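What follows is one structure encoded as structure tokens, with my remarks underneath.
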Amino acid sequence: MGTQNAVLLNCLRAIVGDAHVITDAITMQSYTIDWTGRWQGEAVAVVRPGTTDEVSAVVAACHERRIPITAQGGNTGLVGGAIPSAGSIVLSTQRLNSIDTIDPVGRIIAAGAGVTVAMADDAASKHGLQFGIDLASRDSATLGGIVATNAGGVRMVRHGNTRAQLLGVEAVLSDGAVLSRWIPLVKDNVGYDLPGLLAGSEGTLAIITKVLMKLTTPPPETQVVLAGVSTIEAALNLCDRMRRHGLTVEAAEIMTTDGVALVCSHSDARHPFGQPSPLYTLIEISSSGDTEATVLEILSASADTMDDAIVEPGPARKLWQIRESHTECISRASSTPVVKLDVAVPLPEMSTFITALESALAAEFSEVTPILFGHFADGNIHVNILNVPTAASNAITDRVFEIVAAHHGSISAEHGIGRAKKSWITLGRSPVDIRIMKQIKSALDPRCLLNPDVLLPTASAESTQT
């Protein structure tokens, strides 16, 4: 260890305590390797501050010594955005895990960045409310992480993404200064929307330490439909009929027959029907009236477009298990780290996009296995490609993104850009967009110390400008 690093570590220990500066290589692996195994990094140390003041002091110490920082929450990301590069430190927000306030009248939660989605939802439920973001990784994904990535999740079709539910932030800038935009108002139209800017910035502009977010009122009851269909159009039409009958779509998911079969073979989930269907749609619905009767009426009228259907009262955990087990079972089934490409396309383009994608992969990369699923009602498809030879990973990613762009889609629907997609950012943003993003980065982080290898492909090359 160099003298500079030794001095830095002593300084960090003085700030957060010896127990919260981790340098043991084995212990650090859970912070330097993502859970998919695809992204691996290295760091000088993992630092776990317990307050915003400690975060500020840690960041200031690193700023003085020009040491890069990678902020990390639950390390559940899928694009390598929280994996450190050599010479940096990991700043873990896990100890920033206190819930300061639940305001049941204003429907607001004020909480530390290290609070998990599940913790926030559980705290809200004690007041008859719910947290509007829901993810399969709810037990480990943190509030700071979902803000930094502007996560969507299964309830986005009902409540919007994280940015839509964010009211305020407390965050530490690259020099250690603390930004506090902390006003619990839905209407506050004074100047730039700095919390909205930090949402989706992937740790490149500031380190979020606290969040102020909206809470929602849970529906009194829901019904969950799992239907086997032959086409994307049939799934979209079923979802549309639900809405036109006055029902509220709380969540809407799509799965393929290959994906459902894989889940059933790698978990204790059972196949829902006697005969498989090409596609399965899972729709959770609520209303102010007799939801079940209305749902059954719609399904009866839609019988000619469905192979089979099941209706269960919410939460219908066994039906949801089929969808939520996809990610874990896909990882188990693949002989190589899964190539995970989270994309979105306009709803009218979705059917042709999936056909083009499956045809191209079969013709050009016949050795791989694609599994598709996602939040189809908002255009989001998770493209998971199994058994990918390491040498073919970039070529497959490039081909998928070409097809996404040809269908007027986005190369990142909700997971962010991270390390995985930064080489393709020009497919989603114009030169003017990228120039403005670089200028914002330069203004807030002139030394390029915050997550320098994430999002913008040339950011690290400019780090010596100041």
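Worth a mention:
- If only residues of the stretch 260-305 that are among the charged types (D, E, K, R) and closer than 27 Å to S325 by Cα are counted, the one that is nearest to the chain's Cα centre (by Cα) is E284.
- Unmet requirement for S366, which otherwise passes all of (1) over 22 Å from L135 (Cα atoms); (2) not aromatic (F, W, Y); (3) not in a loop (DSSP other than H, G, I, E, B): (3)
- In a residue-by-residue description of the stretch 328-348, the property of being free of Cβ contacts under 8 Å to residues at least 40 places away in the same chain and not assigned by TED's automatic domain parsing to the domain that holds R138 applies to at least one position.
- Selected residue (only one of V263, V229 is in contact with a strand residue (DSSP E or B) (Cβ under 7 Å, 6 or more places away or on another chain) and not assigned by TED's automatic domain parsing to the domain that holds L450): V229
- Per the conditions (1) among the hydrophobic types (A, V, I, L, M, F, W, C); (2) under 26 Å from L78 (Cα atoms); (3) assigned to a loop (DSSP other than H, G, I, E, B); (4) free of Cβ contacts under 8 Å to residues at least 60 places away in the same chain, the sole criterion not satisfied by V154 is (4).
- Filter result for A356 (at pLDDT below 95, of a type in the set (A, V, I, L, M, F, W, C) and not in a strand (DSSP E or B)): no
- From the list D258, D268, the lone residue that is at pLDDT below 95, closer than 21 Å to R332 by Cα and surrounded by fewer than 20 Cβ atoms within 10 Å (Cβ to Cβ) is D268.
- Just one of (1) under 26 Å from V117 (Cα atoms); (2) exposed (fewer than 14 other Cβ atoms within 10 Å of the Cβ) fails for V190. It is (1).
- Residue satisfying condition, being over 19 Å from A82 (Cβ atoms) and assigned to a loop (DSSP other than H, G, I, E, B), within set D139, D134: D134
- Unique match (being modelled with pLDDT of 95 or more and either of a type outside the set (F, W, Y) or on the phi < 0 side of the Ramachandran plot (or both)) among I403, I425: I403
- For D433, the requirement of being surrounded by fewer than 17 Cβ atoms within 10 Å (Cβ to Cβ), in a helix (DSSP H, G or I), among the charged types (D, E, K, R) and free of Cβ contacts under 8 Å to residues at least 12 places away in the same chain is met.
- Out of G168, G191, G203, sole residue that is closer than 30 Å to N451 by Cβ and assigned to a strand (DSSP E or B): G168
- Filtering the stretch 290-300 for residues that are touching a His at 6+ places or on another chain (Cβ under 9 Å), assigned to a helix (DSSP H, G or I) and under 19 Å from H375 (Cβ atoms) leaves an empty set.
- Residue selected from the stretch 280-328 under the condition closer than 30 Å to V339 by Cβ and of a type in the set (S, T, Y), by the criterion surrounded by the most Cβ atoms within 10 Å (Cβ to Cβ): Y280
- Filtered residues of the stretch 406-421 (kept if in contact with a Leu (Cβ under 6 Å, 6 or more places away or on another chain) and at pLDDT below 95): H415, I417
- Which listed residue is touching a Phe, Trp or Tyr at 6+ places or on another chain (Cβ under 9 Å) and surrounded by fewer than 14 Cβ atoms within 10 Å (Cβ to Cβ), from A443, A420, A395, A362: A395
- Just one of the listed residues (I371, I385, I403, I440) is over 27 Å from T162 (Cβ atoms), touching a residue at least 40 places away in the same chain (Cβ under 8 Å) and not in a loop (DSSP other than H, G, I, E, B), namely I403.
- Applying a threshold of 7 Å to beta carbon distances and a minimum spacing of six or more residues, or different chains, the list of pairs starting in the stretch 35-60 at a residue that is under 22 Å from L205 (Cβ atoms) and ending at one that is among the aromatic types (F, W, Y) reads V46/Y31.
The values are calculated or read from the model by the stated rules, or taken from the named source; none is laboratory data. None of the values given here were measured: they were computed from a predicted structure. With ideal geometry, Cβ positions are generated from the backbone for all residues, glycine too; neighbour counts draw on all protein chains shown.
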